[in-house]
Structure formats: C-alpha cells, structure tokens
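Engineer: Here it is, the structure, as structure tokens.
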Amino acid sequence: THGIITNIGRAHLEGFGNFEGVIQAKTELYQYIKKQKNALVFLNNDDLMLKEKSQGLNSFTYGTNQADCKFSSVKADPFVEMDWNQDSITSSLIGKYNAENIMAAICIGHFFKVQKESIIEAIQEYVSKNQRSELVQSSKNEIILDAYNANPSSMKQALENFKEMGKENPLLILGDMFELGDFSLNEHQKIKELISELGFKDVILVGEDFYSITKNDEYLVFKTTAEVENHLAKNSVSDRNILIKGSRGMKLEILLPYL
C-alpha cells in the first residue's frame with residue numbers, strides 16, 4: 001500500500017544490462033503501487049527522474065523545494081544538519097548525499113503520525129556502525145569508512161562530498177566497483193578522471209579493474225586489498241584525512257588497523 005524509491009543509481013549494470021534496465025527494474029514498484037487501491041508513494045520532490053516516473057501516482061513528498069515535508073538549510077560539515085518543522089536537526093551521518101535518506105525517514109515517520117519529538121530524537125541518536133559513511137577517529141588519522149558497498153553514482157557523490165569538506169592532507173583509498181559487466185572499465189575510468197578533476201593527488205586504487213587502467217606513475221595501484229595491507233604495514237600513514245570506499249567484496253575495512 002505504500003512504497004518508496006530513494007534514488008536510482010548506476011548500480012547492478014551487469015545484471016540489468018544497462019542503466020535503462022536498472023530504471024525499469026526499480027520503477028516496477030511504482031507500477032505495482034499504481035494498481036493498488038488507496039496506495040501511495042513517498043517521493044523525493046527534488047529528484048527529477050523520480051518525479052517523472054511517478055506521474056499519476058498518489059504521493060506524499062519530501063525535499064527542499066515545494067513538498068508536503070519541506071526541509072531547509074541542508075548542509076554537511078561533516079555531519080548532516082537541516083531545518084524541519086521549525087526545528088534544527090543534527091545527525092551523526094556524514095555526507096550531504098545522506099541528507100536525502102534522513103529526509104525520507106522523517107517524511108515517512110511524519111506521515112504515519114510519529115510524534116515530532118520522537119522523530120528528531122531517533123535521527124539525532126542514530127550512529128552508523130555498518131561501514132556506511134562511518135567516521136573513525138584513530139590515534140593517527142581521521143577516516144570516513146564507506147566500505148559497505150560502491151557503485152559509480154555513490155562513488156561520485158562520496159568523492160565530491162569529500163572534496164567539498166575541504167579537509168587538509170586528504171588521502172583516497174578506493175576499491176573496485178563490482179557488478180558493472182561490460183561497463184566496468186569505462187565506469188572505473190570515469191572515476192579516475194573525476195579524481196583528477198577534483199584535484200586529489202594522494203590516491204591508492206585497489207582492484208583488478210583499477211589496476212588494469214592505471215599507469216604506475218599516476219597513483220599507487222594494487223590488484224588486491226591484501227597488497228594494500230602489506231604496503232600500509234611498511235609505510236606508516238599519519239595526520240591524514242582519509243576516505244575509504246569500495247564494493248563489499250573488496251573488504252577495505254581490513255585496512256583500518258594500519259590507519
């Protein structure tokens with residue numbers, strides 16, 4: 001009776017053939033809802049693609065533009081903050097890309113008449129512990145651990161957000177993105193070009209695909225996470241702000257003890 005698509009990114013291209021296939025598969029939810037009586041979708045009113053695909057559906061909207069659940073003053077420095085319903089909310093989630101997730105959660109709670117105080121408390125007390133945008137402060141470095149998964153869309157958002165944060169002495173440790181099929185090398189090449197465009201200099205790339213498209217004089221590049229582990233064991237890293245991101249199969253979290 002109720003459904004939500006948070007976003008549609010360039011993930012699982014191998015299984016669905018191309019990005020159009022991903023869009024078609026995700027929006028099957030909308031097609032189902034459309035056939036149900038008194039059903040509706042929760043809709044990010046800032047997402048033009050979702051607005052287009054949900055036309056004709058009953059919706060309860062959220063976002064920073066005109067919406068049933070409207071937000072303002074959205075920022076991330078590094079934690080996401082926003083104003084809603086005359087209250088300021090400070091989360092423990094890193095990255096402006098997580099703002100849409102917070103808005104969605106608030107919107108659904110509000111729709112189902114959860115008390116405002118309970119909604120705000122739940123958002124502000126939640127701390128990520130599952131390698132999704134997790135802030136790790138070690139004795140040597142500050143680390144954003146986003147190693148639960150990765151696809152071209154989320155990798156782009158993470159890199160742009162990390163740049164926007166303007167941290168001193170940044171270091172990127174990026175692992176391969178899986179399930180991209182024939183698009184894989186091209187998508188990894190685009191990420192490498194984005195790294196250059198954003199001006200990152202200290203970069204460690206790891207995985208078969210990154211390895212195959214990277215020259216040795218560009219960035220440090222390794223085929224396996226174990227090789228990076230060996231490198232870090234011999235080369236201490238300190239006083240750095242580090243972003244770690246890669247697909248689940250790369251298991252980049254095993255690098256934490258060396259950082």
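The values are calculated or read from the model by the stated rules, or taken from the named source; none is laboratory data. Just so it is clear, the structure is predicted and the values come from calculations on it, not from any experiment. Neighbour counts are summed over all protein chains in view; Cβ atoms, including those assigned to glycine, are modelled from backbone coordinates with ideal geometry. Keep in mind that these areas ignore ligands, DNA and RNA; they rest on the heavy atoms of the full protein, side chains included. Shrake-Rupley method; radii C 1.70, N 1.55, O 1.52, S 1.80 Å.
Engineer: Which of the residues that make up region 145-177 are open to solvent by 30 Å² or more (accessible area, probe 1.4 Å), more than 18 Å from residue 9 (Cα to Cα) and not in a helix (DSSP H, G or I)?
Structural biologist: 166, 167, 168, 169, 170
Engineer: Could you check region 2-28 and list, in sequence order, the residues that are at pLDDT below 95 and either exposed (fewer than 13 other Cβ atoms within 10 Å of the Cβ) or of a type in the set (A, V, I, L, M) (or both)? First the steps, then the outcome.
Structural biologist: First, the residues of region 2-28 that are at pLDDT below 95: 5-28.
Scanning region 2-28 gives 5, 8, 11, 13, 15, 20, 22, 23, 25, 28.
Engineer: Restricting attention to region 196-239, which residues are of a type in the set (Val, Ile, Thr), over 16 Å from residue 253 (Cα atoms) and touching a strand residue (DSSP E or B) at 6+ places or on another chain (Cβ under 6 Å)? Walk me through how you get there before you give the answer.
Structural biologist: From region 196-239, those of a type in the set (Val, Ile, Thr) are 203-204, 206, 213-214, 221, 224-225, 228, 237; that's our starting set.
Subsequent filtering for residues that are over 16 Å from residue 253 (Cα atoms) retains 203, 213-214, 221.
Residues satisfying the conditions are 203, 214, 221.
Engineer: Is region 189-210 home to any residue that is among the small types (Gly, Ala, Ser) and touching a Lys or Arg at 6+ places or on another chain (Cβ under 9 Å)? Walk me through it before giving the result.
Structural biologist: From region 189-210, those among the small types (Gly, Ala, Ser) are 196, 199, 207; that's our starting set.
Now restrict to residues that are touching a Lys or Arg at 6+ places or on another chain (Cβ under 9 Å): 199, 207.
So far as region 189-210 goes, yes, one or more of its residues are among the small types (Gly, Ala, Ser) and touching a Lys or Arg at 6+ places or on another chain (Cβ under 9 Å).
Engineer: With the requirement that a residue be surrounded by 17 or more Cβ atoms within 10 Å (Cβ to Cβ), assigned to a loop (DSSP other than H, G, I, E, B) and not polar (S, T, N, Q), what does region 241-258 give you?
Structural biologist: Listed by number, the list holds a single entry, 246.
Engineer: Is it fair to say residue 223 is touching a helix residue (DSSP H, G or I) at 6+ places or on another chain (Cβ under 9 Å), basic (Lys, Arg) and closer than 24 Å to residue 160 by Cβ?
Structural biologist: Working: touching a helix residue (DSSP H, G or I) at 6+ places or on another chain (Cβ under 9 Å): yes; basic (Lys, Arg): yes; closer than 24 Å to residue 160 by Cβ: no.
When the stated conditions are applied, residue 223 does not pass them.
Engineer: Next question, about the same structure. Return the only residue of 228, 221 being farther than 20 Å from residue 156 by Cβ and open to solvent by less than 30 Å² (accessible area, probe 1.4 Å). Before you say what the answer is, go through the steps one by one.
Structural biologist: Values: 221 fails: farther than 20 Å from residue 156 by Cβ.
The conditions single out 228.
Engineer: Hey, another quick one. Could you grab the pairs with beta carbons closer than 6 Å, sequence gap of 6+ or different chains, first residue in region 216-244 and touching a residue at least 40 places away in the same chain (Cβ under 8 Å) and under 12 Å from residue 256 (Cα atoms), second one open to solvent by 70 Å² or more (accessible area, probe 1.4 Å) and not acidic (Asp, Glu)?
Structural biologist: Pairs found: 225/251.
Engineer: Still on this structure, please answer the following. Those residues that are open to solvent by less than 40 Å² (accessible area, probe 1.4 Å), out of contact with any Ser or Thr (no Cβ under 7 Å at 6 or more places or on another chain) and not in a helix (DSSP H, G or I), I need them from region 183-218; list them, please.
Structural biologist: Residues satisfying the conditions are 198, 199, 200, 203, 204, 207, 214.
Engineer: Among (1) open to solvent by less than 70 Å² (accessible area, probe 1.4 Å); (2) touching a Phe, Trp or Tyr at 6+ places or on another chain (Cβ under 7 Å), where does residue 39 come up short?
Structural biologist: The failed condition is (2).
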